[in-house]
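Written out below as structure tokens is the structure these notes cover.
The values are calculated or read from the model by the stated rules, or taken from the named source; none is laboratory data. Just so we're clear, the structure is a prediction, and the values are computed from it rather than from any experiment. Here the Cβ positions follow ideal geometry from the backbone for every residue, glycine too, while neighbour counts run over all protein chains shown.
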Amino acid sequence: MKFYSNCTAGHYTIMCKSFSATLYNLSCGQYEYIVVEKRGENKNVGFIQLNRPKALNALCDGLMTEMGKALDAFEADGDVGAIVITGSERAFAAGADIKEMQNRTFQENYSGNFLAHWNRVSTVRKPVIAAVNGFALGGGCELAMMCDIIYAGEKAQFGQPEILLGTIPGAGGTQRLTRAVGKSLAMELVLTGDRIGAQEAKQSGLVSKVFPADQLVSEAIKCGEKIASNSKLISAMAKEAVNAAFELTLAEGNRLEKRLFHATFATDDRKEGMTAFVEKRKASFQDK
Ligand code: CO8
């Protein structure tokens with residue numbers, strides 16, 4: 001329990017402050033490797049900033065464990081309608097922590113299922129936006145690709161340089177990159193370890209928009225606010241349907257989409273959205 005230095009206040013006030021601080025800490029708690037806040041005018045955008053500047057935000061196990069906890073808290077927070085993940089202007093993340101991996105063995109990796117929990121970002125049901133400034137290399141590029149939308153700062157650099165370390169991508173780099181940019185460019189990046197800049201990443205379909213570095217995070221928050229102003233329930237269905245395009249055949253995907261479209265008609269928000277259009281007013285979604 002946190003104790004406040006202003007002890008002139010009554011005991012009851014201190015207890016209340018401690019209680020609300022505990023509630024606040026559920027989603028925006030004390031973390032060692034990340035900064036976690038709620039952003040946007042209505043505080044409805046979950047914000048996670050990687051915070052290991054000396055290691056260029058290299059992804060150590062502690063960081064990814066904290067990321068999982070913050071994502072769990074935002075998933076459970078009914079006010080949060082979208083999540084933004086970012087790093088610093090120098091680095092989104094320069095990859096998995098090479099120093100942490102240097103002496104690991106195959107036996108340890110295999111028996112402990114090394115990195116199995118690192119894909120939490122890809123299983124979040126709320127929309128996640130990566131705001132990438134600087135280096136997004138190896139696991140950093142993979143982390144960005146686990147998000148639903150990637151915005152890039154003008155100096156962002158993307159790459160899968162694992163080949164230069166005598167290994168290969170291990171968190172979806174060969175799969176998600178190939179689906180995003182096609183075989184030829186993915187092969188080139190994975191086999192040479194070369195990087196591409198923000199503009200090339202945009203041209204190839206890896207990122208959706210490029211901004212000046214100092215505007216990137218606020219633009220990502222704006223996008224998050226726009227998404228959060230829609231029905232969270234329907235957003236989850238939309239996300240599920242788009243993600244199915246990566247897993248299913250066209251026929252199966254279209255069938256799933258149709259079922260989810262039908263399902264929106266079981267919600268109050270679909271009725272409200274169409275009624276608001278007909279009544280020429282703004283829809284007020286209740287996430288029901
Ligand atoms: N791991 C650990 N430390 C790192 C990493 C990293 N990936 N990247 C940078 N650092 C550290 C450096 O060691 C250095 O620390 P110190 O000052 O204590 O030596 C500090 O960050 C600054 O780095 P540099 O001095 O090298 O800075 P430069 O500006 O000269 O270079 C680069 C920046 C180009 C980004 C360079 O640091 C670099 O090449 N880093 C490694 C990039 C890389 O190979 N990444 C892939 C790692 S392997 C991987 O990601 C496998 C993914 C598996 C699954 C992941 C699931 C999410």
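Summary of values
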| quantity | calculated |
| --- | --- |
| Unmet criterion (only one of (1) touching a residue at least 12 places away in the same chain (Cβ under 8 Å); (2) in contact with a helix residue (DSSP H, G or I) (Cβ under 9 Å, 6 or more places away or on another chain)) for Ala220 | (2) |
| Scope region 142-200; condition assigned to a loop (DSSP other than H, G, I, E, B) and farther than 24 Å from Glu247 by Cα; matching residues | Glu154, Lys155, Ala156, Gly166, Thr167, Gly193, Asp194 |
| Matching option when the condition is in a strand (DSSP E or B), among the β-branched types (Val, Ile, Thr) and touching a residue at least 40 places away in the same chain (Cβ under 8 Å), among Ile48, Ile129 | Ile129 |
| Selection within region 173-195 - surrounded by fewer than 20 Cβ atoms within 10 Å (Cβ to Cβ) and within 22 Å of the chain's Cα centre (by Cα) | Thr174, Gln175, Thr178, Arg179, Ala180, Arg195 |
| Single residue of region 101-118 satisfying the filter (exposed (fewer than 15 other Cβ atoms within 10 Å of the Cβ) and under 23 Å from the mean Cα position of the chain (by Cα)) that is nearest to Asn133 (Cα to Cα) | His117 |
| Residue tally, condition modelled with pLDDT of 95 or more and touching a Lys or Arg at 6+ places or on another chain (Cβ under 6 Å), over region 18-45 | 2 |
| Selection within region 120-168 - touching a Cys at 6+ places or on another chain (Cβ under 8 Å) and within 12 Å of the ligand (Cβ to nearest atom) | Val121, Phe158, Gly159, Gln160 |
| Residues satisfying the stated conditions in region 61-95, i.e. part of a loop (DSSP other than H, G, I, E, B) and either within 18 Å of Gly173 (Cβ to Cβ) or within 12 Å of the chain's Cα centre (by Cα) (or both) | Gly87, Ala94, Gly95 |
| Filtered residues of region 46-63 (kept if more than 17 Å from Val132 (Cα to Cα) and touching a helix residue (DSSP H, G or I) at 6+ places or on another chain (Cβ under 6 Å)) | Cys60 |
| Scan of region 100-115 for residues that are more than 9 Å from the ligand (Cβ to nearest atom) and in a helix (DSSP H, G or I), ordered by number | Phe106, Gln107, Glu108, Asn109, Tyr110, Ser111, Gly112 |
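Results for (1) hydroxyl-bearing (Ser, Thr, Tyr); (2) touching a strand residue (DSSP E or B) at 6+ places or on another chain (Cβ under 7 Å); (3) within 9 Å of the ligand (Cβ to nearest atom), shown as yes or no for each residue.
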| site | (1), (2), (3) |
| --- | --- |
| Gly40 | no, no, no |
| Ile48 | no, yes, no |
| Lys54 | no, no, yes |
| Ala73 | no, no, no |
| Ala76 | no, no, no |
| Ala91 | no, yes, yes |
| Ile98 | no, no, yes |
| His117 | no, no, no |
